[in-house]
Amino acid sequence: MFDKSGTISLVLIWISLAALIISSTCNEVGTLNSRGDPAFEAFLLKALEVFREKMKDGLGPIPPLDPLLLSNLKINVADDIIKMDLTFHEVNIKGLSSFKITDVKSNLVSFNTKISFTIPKVLVTGTYSLDGLIINIFPLSGKGKYQIEGDDITFTFFGRLFFSLDDIKLSSLLLDHLEWKNVRVVELADFLGGGIFAEKIAEVLPTVGKGMFERFQPKLAELTNTLLLNVLNHELRRPEVREIIKDFIPTV
């Protein structure tokens, strides 16, 4: 029979053990350097190929991501030289499903997974309209088709795995990294204001392209995250996954 102090000590021991267990399973999401399972990671690679196909078809309320059609985007540039309002009336993004998988890791002890992929090239096309001034005097305008390209677009997702008695699923999937490189404006049809201002205009075009990518980046990240989470959880319900993870499923 424990006295009061003995009972308190026992409770403190149990609390310490519980904290140790919780900390071991709630490490930083990026901690994936132990108990990676090659069979499980191979399955994730196959699931990502299903994701590639769903990017073209969409899934339920989630629209296709390749091509991805977005509504109007507005960009405002204001400095001492140029002030302009630029509206992209159509945004048609192509090439997202051409991604190359660069990294897939899992840790079935800390219940984490990491997925990284790179898209070699994305093409954005549509129509635009422009209105503005150069040094508050000379009009700057344009209206017509546009084409913007981006190279080497990288995504990294960290997922939290959840085991039940029957299966495994991703309880969360967070976009940890999204980077666009070498963004360039290839075409802005009927872009007026050349001549002596051509050099300054050429300088601002990369800013326009970068600004546009930054504007649609959150929506792209949201749609990609939602579709990827849905596809992976659907694939994780396959019978062969249970065989892969059987040694990790908690027992009652």
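Here's the yes/no breakdown for (1) assigned to a loop (DSSP other than H, G, I, E, B); (2) over 23 Å from P38 (Cα atoms); (3) at pLDDT below 90; (4) of a type in the set (S, T, Y):
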site: L86; (1), (2), (3), (4): no, yes, yes, no
site: P120; (1), (2), (3), (4): no, yes, no, no
site: G132; (1), (2), (3), (4): no, yes, yes, no
site: L140; (1), (2), (3), (4): no, yes, yes, no
site: G150; (1), (2), (3), (4): no, yes, yes, no
site: F155; (1), (2), (3), (4): no, no, yes, no
site: L178; (1), (2), (3), (4): no, yes, yes, no
site: V186; (1), (2), (3), (4): no, yes, yes, no
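Checking each residue in segment 37-73 for being in a loop (DSSP other than H, G, I, E, B), touching a residue at least 60 places away in the same chain (Cβ under 8 Å) and either in contact with a helix residue (DSSP H, G or I) (Cβ under 6 Å, 6 or more places away or on another chain) or among the aliphatic types (A, V, I, L, M) (or both) picks out only L65.
Just to be sure before I move on: is L140 over 26 Å from S71 (Cα atoms) and surrounded by 15 or more Cβ atoms within 10 Å (Cβ to Cβ) in the structure I sent?
Values: over 26 Å from S71 (Cα atoms): no; surrounded by 15 or more Cβ atoms within 10 Å (Cβ to Cβ): yes.
Considered against the rule, which asks whether it is over 26 Å from S71 (Cα atoms) and surrounded by 15 or more Cβ atoms within 10 Å (Cβ to Cβ), L140 comes out as no.
With respect to the conditions (1) at pLDDT below 85; (2) surrounded by 11 or more Cβ atoms within 10 Å (Cβ to Cβ), N33 lacks only one, and its number is (2). One residue stands out in segment 57-84 among those that are closer than 23 Å to K145 by Cβ and open to solvent by 80 Å² or more (accessible area, probe 1.4 Å): the one that is nearest to the chain's Cα centre (by Cα), namely L69.
The values are calculated or read from the model by the stated rules, or taken from the named source; none is laboratory data. Since we're looking at a predicted model, the values are computed, not measured. Every residue, glycine among them, receives a Cβ derived from its backbone with ideal geometry; neighbour counts consider all protein chains shown. Surface accessibility is based on the protein's heavy atoms, side chains included, excluding ligands, DNA and RNA. Shrake-Rupley method; radii C 1.70, N 1.55, O 1.52, S 1.80 Å.
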